[in-house]
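These notes are about the structure you will find just below.
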Amino acid sequence: MNSPQSHLKKHVWSYIFVMPMFVLFLCFTLYPLLASVRYTFYNWDGIGIPKDFVGVTHYVSIAQDLLFWNAFKNTFIYTAVLVPTQLTLALGLAMVLNSRWLRARPVFRAIFFSPVVTSSAIVGIVISLLTSTAGHDVNTMLLRLHLIERPIDWLGNPHTALWIIIVTGVWIGLGYPVIYFLAALQSVEQGLYDAAKVDGAGGFVLFWHITLPLIRPVGLVVLLITVLHSLRVFDIVQVMTRGGPYFATDVVGTYIYRQAFYANEVGGSDANLGFASAAAFFMGLLVMGISALQLAAIRYTAQQRKAG
């Protein structure tokens, strides 16, 4: 059995390459996270040293705050709709982009990945302008096609604003799962498809019994990443609606931002970073719980596959 010293000596370069990222994680992720826990027990506006100790009052207030649970509900709706929609579209696009008959495949791959490298804030501003009620926008096109009788305030209507944000989120984040699924599809041996076709298998049978089982491990990882990313939605909501109208698009990110950096009508500051930190930590616990359930489901699925 190898000793820890021999193992370290054998893989020393691996640890050297990992170390810079690990140090950055400690300094800019783990330490700020642990340091912010202290602030959750104080009323603090972010200036000076926190002195007004309030204990767990912030956590109790958050648990009883209907606006927080409304923001959590909107975040959950955003995630529940975006994730299956985005992954289904990504898998379909990846299968098309992986097809032999498609010419100029690198060009199409770059086109579908381009939203990922575009600023989400810029995309949000452009979508806001396109869905506005003035100028040459989506309403103008729909009016000319006689699909609507009068302009619709897409982002000003509580019944449509969240759906516009979801559609925007699906489009912005579509590139990453497409790349993951494309890499997984390219790892599947073509010989398996050829052998199945000889036995008379059709397109659906090939997808269900060969493609899907072989890319399932990658799909589960993509699912976990997509869920965690969607639960942290903030930028497009802040740019497009700031949580309005009437808190219809308010998500946990905008709720925390409002508590941390809110300026009242007379120019004074009502910011309470202690309360905002408590809300962020409280949401973090919820996300950790959801992640734990996902990991448990993934492990259960893997065990069922081995048992079968």
Subject >> Loop sites in the stretch 3-108: trypsin sites (Lys or Arg not before Pro), DSSP, at most 12 other Cβ within 10 Å >> reply: 51, 100, 103
Subject >> Separation of the residue 190 and residue 47 label points, Cα + 7 Å toward Cβ, nm >> reply: 6.8
**OP:** Multiply the residue separation of residue 110 and residue 19 by 0.36 nm, subtract the distance between their alpha-carbon atoms, and state the gained length in nm to one decimal.
**Re:** 29.6 nm
**OP:** Please turn the phi angles of the stretch 161-172 into ³J(HN,Hα) values with the Karplus equation 6.51 cos²θ - 1.76 cosθ + 1.60 (θ = phi - 60°), one per residue in order, whole Hz, x for glycine and proline.
**Re:** 4, 5, 5, 5, 5, 5, 4, 4, x, 4, 5, 5
Original post:
What are the residues whose amide H is under 5 Å from the amide H of residue 42, where those residues sit 5 or more places off or on another chain and H is modelled from the backbone?
Top reply: 54
Subject >> Proximal aspartates and glutamates to residue 197, defined as alpha-carbon separation beneath 18 angstrom and excluding residues fewer than eight positions away on the same chain >> reply: 189
**OP:** With a ≥ b ≥ c taken as the square roots of the eigenvalues of the C-alpha gyration tensor of the chain, please select rounded if a/c is under 1.5 and otherwise prolate if a/b is larger than b/c or oblate if it is not?
**Re:** oblate
Subject >> More than 23 angstrom apart: percent of Cα pairs within the stretch 56-176 >> reply: 51
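We did not get these values from a lab; they are worked out from the coordinates using the rules stated. What you see is a predicted model; the values in this text were computed from it and never measured. Neighbour counts are summed over all protein chains in view; Cβ atoms, including those assigned to glycine, are modelled from backbone coordinates with ideal geometry.
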